[in-house]
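This report concerns only the one structure given below.
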Amino acid sequence: MQRPERKQLWMVWPEARLEGSVAPKIPEGYVIRTYQTGDDRSFIALMALMDFDPWTQEKLDYNKSRILPEGWFFAVEAKSSSAVATAMCLHNYSGHSPFTGDLGWLACHPDHKGQGLGYSLSACVTNPFRDAGYSRMQLHTEYHRLPAIRTYLKVGYVPVMYCQEVYELWDDACQKLDWPYTPQEWPNKVTGE
């Protein structure tokens, strides 16, 4: 489906919650584990089911070079031993904020959506950043990825209102998600930017 090109939505973990952790709520019938040899093929196949840009081994290798140790998580269906969802802890060095981590590439197989796997994986990614002393945890997503946006909001990430266009995008997303639209409570810039 072709969608209009729009700004990405940027979300951050609130500075006031940097000391707190998030408890993964792993649903029955699934386990969460970290990367194992051979997961590359499963990951690329899973990403092919999403509407992301195509994944190649080269793109995966670049992202693997940024993953924190033990920071690539998979939700595995217990009965089939199949990896059905994934997310990454990505180090995102910049000259402005050297201790920034990205919650990256959260994806869930369509047959397993609605089980809470996105929440569990988002929590699994957020906690290692906090434990490692990262001063900023963030993510970027497309405005049309409403299930992922709901997940990020539930976990505790907040929108960054970094330009005028995102006010409209967030208003629309919050209406569609039946989520309170409170831009006055959300940052319009982040320390270090």
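Worth pointing out:
- Total residues in region 24-54, condition at pLDDT 90 or above and in a loop (DSSP other than H, G, I, E, B): 10
- Against the numbered list (1) within 20 Å of L49 (Cβ to Cβ); (2) among the basic types (K, R); (3) crowded, with 20+ Cβ neighbours inside 10 Å, R145 comes up short only at (3).
- Exclusive hit being in contact (Cβ under 8 Å) with a residue 24 or more places away in the chain, closer than 30 Å to A75 by Cα and surrounded by 21 or more Cβ atoms within 10 Å (Cβ to Cβ), set R136, R130, R150: R136
- Residues located in region 163-189, provided they are in contact (Cβ under 8 Å) with a residue 60 or more places away in the chain, of a type outside the set (D, E) and surrounded by fewer than 17 Cβ atoms within 10 Å (Cβ to Cβ): C163
- Number of residues in region 56-76 that are open to solvent by less than 30 Å² (accessible area, probe 1.4 Å), out of contact with any Asp or Glu (no Cβ under 9 Å at 6 or more places or on another chain) and of a type outside the set (G, A, S): the value is 4.
- Residues (among the aliphatic types (A, V, I, L, M) and without any contact (Cβ under 8 Å) to a residue 60 or more places away in the chain) located in region 28-71: V31, I44, A45, A48, M50, L60, I67
- Candidates G101, G95, filtered to the one that is of a type outside the set (S, T, Y), under 13 Å from the mean Cα position of the chain (by Cα) and modelled with pLDDT under 95: G101
- Here the strands (runs of 3 or more DSSP E) wholly within region 56-162 that include at least 3 residues being under 25 Å from K7 (Cα atoms) are 82-91, 100-108, 136-141.
The values are calculated or read from the model by the stated rules, or taken from the named source; none is laboratory data. Just so it is clear, the model here is predicted, and its values are computed rather than measured. Here Cβ is always computed from backbone atoms with ideal geometry, including for glycine, and neighbour counts include all displayed protein chains. Areas reflect the complete protein model, heavy atoms only, side chains present, ligands, DNA and RNA absent. Shrake-Rupley method; radii C 1.70, N 1.55, O 1.52, S 1.80 Å.
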